[in-house]
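Trainee: Take a look at this one; I'll ask things after.
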Amino acid sequence: MTSVAEPGGLTWLSASVSDPLTQPMLRELGHEYSTRYGKDAHGELARYPAEEFDPPHGILLLLLEHGEPISGGAFRRYDDTTAELKRIWTHSAHRRRGLAKRVVAELERVARVRGYGRVYLTTGPRQPEARGLYLAAGYTPLFDTAADPETIGPLPFEKYLAGLSAGSPDSAEREV
C-alpha cells in the first residue's frame, strides 16, 4: 500500500481489494447495484479474483480526503494491450465534485505508463451518470446510443490512450 499526496489535501492510495479502506467502497457499490438492479450484487463484486487488480497488470486506487476514501476505481488486464476499468465509485456524500473524472484520468495515466494502449469498460444500463461520465471523458460507445439501454444490457465503451508510453522519458510513474 503506497500513497501520493496531491494539492488540496487529497491523496491517492494504491490498495488491495482486502484492504480495510476499500471496504466502504465495496459496501456502497454493492448497495447501489442492488438498489438499481434489484438483486444482490455481491456476486458481481466478487466476479474477478482480487489478485487481478494487483500490480503489475492491475491496480485499485482510492482517493482519500483527510484519510477517508471518497472515490476510487480499479483496472485489470483485459488483454495484452487493453486495461479494463472496474468499480469506479464516488462516495454518495462527495458526488458532483468531479472526483470520478479524476479517478478515471488517474487510472488511464497508470494504464498508459504500464504499457496499455487501450481502455475498455462496461457500465450497467441503469447507470446514466456513468454513461455520461465516460462519454464526457472521451470514451467511444460500442453500442447504439439511440437504443433503449435496457435492451442492450451492459454498455461497452473503449478509449485509445495517447501520449506517454511505458519507458518514454516523461513516463516516470509516481508509484501509487
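Trainee: With the requirement that a residue be open to solvent by 50 Å² or more (accessible area, probe 1.4 Å) and in a helix (DSSP H, G or I), what does the range 86-104 give you?
Mentor: Selection gives 92, 93, 101, 102.
Trainee: Take the residues in the range 16-42 that are assigned to a loop (DSSP other than H, G, I, E, B) and not charged (D, E, K, R); name whichever of them is surrounded by the most Cβ atoms within 10 Å (Cβ to Cβ).
Mentor: 17
Trainee: I'm trying to understand the selection: among the residues of the range 111-125, which are of a type in the set (Lys, Arg) and either in contact with a Gly (Cβ under 7 Å, 6 or more places away or on another chain) or surrounded by 17 or more Cβ atoms within 10 Å (Cβ to Cβ) (or both)?
Mentor: If the condition is that a residue be of a type in the set (Lys, Arg) and either in contact with a Gly (Cβ under 7 Å, 6 or more places away or on another chain) or surrounded by 17 or more Cβ atoms within 10 Å (Cβ to Cβ) (or both), then 112, 114 are the ones that fit.
Trainee: Identify the residue in the range 43-75 that is out of contact with any Gly (no Cβ under 6 Å at 6 or more places or on another chain) and in a helix (DSSP H, G or I) and, among all such residues, is least open to solvent (accessible area, probe 1.4 Å).
Mentor: Applying the filter and picking the extreme gives 53.
Trainee: Here is a further query. Just the residues that are open to solvent by 60 Å² or more (accessible area, probe 1.4 Å) and at pLDDT below 95, please, taken from the range 153-163.
Mentor: 154, 162, 163
Trainee: Here is a follow-up. Report the residue count in the range 84-109 for those that are touching a strand residue (DSSP E or B) at 6+ places or on another chain (Cβ under 7 Å), within 19 Å of residue 12 (Cα to Cα) and in contact (Cβ under 8 Å) with a residue 24 or more places away in the chain.
Mentor: Residues meeting the conditions: 15.
The values are calculated or read from the model by the stated rules, or taken from the named source; none is laboratory data. Since the model is a prediction, treat every value here as computed from it, not as a measurement. Cβ: placed from backbone, ideal geometry, glycine included. Neighbour counts: every protein chain shown. The accessibility values were calculated without ligands, DNA or RNA, using every heavy atom of the protein model including side chains. Shrake-Rupley method; radii C 1.70, N 1.55, O 1.52, S 1.80 Å.
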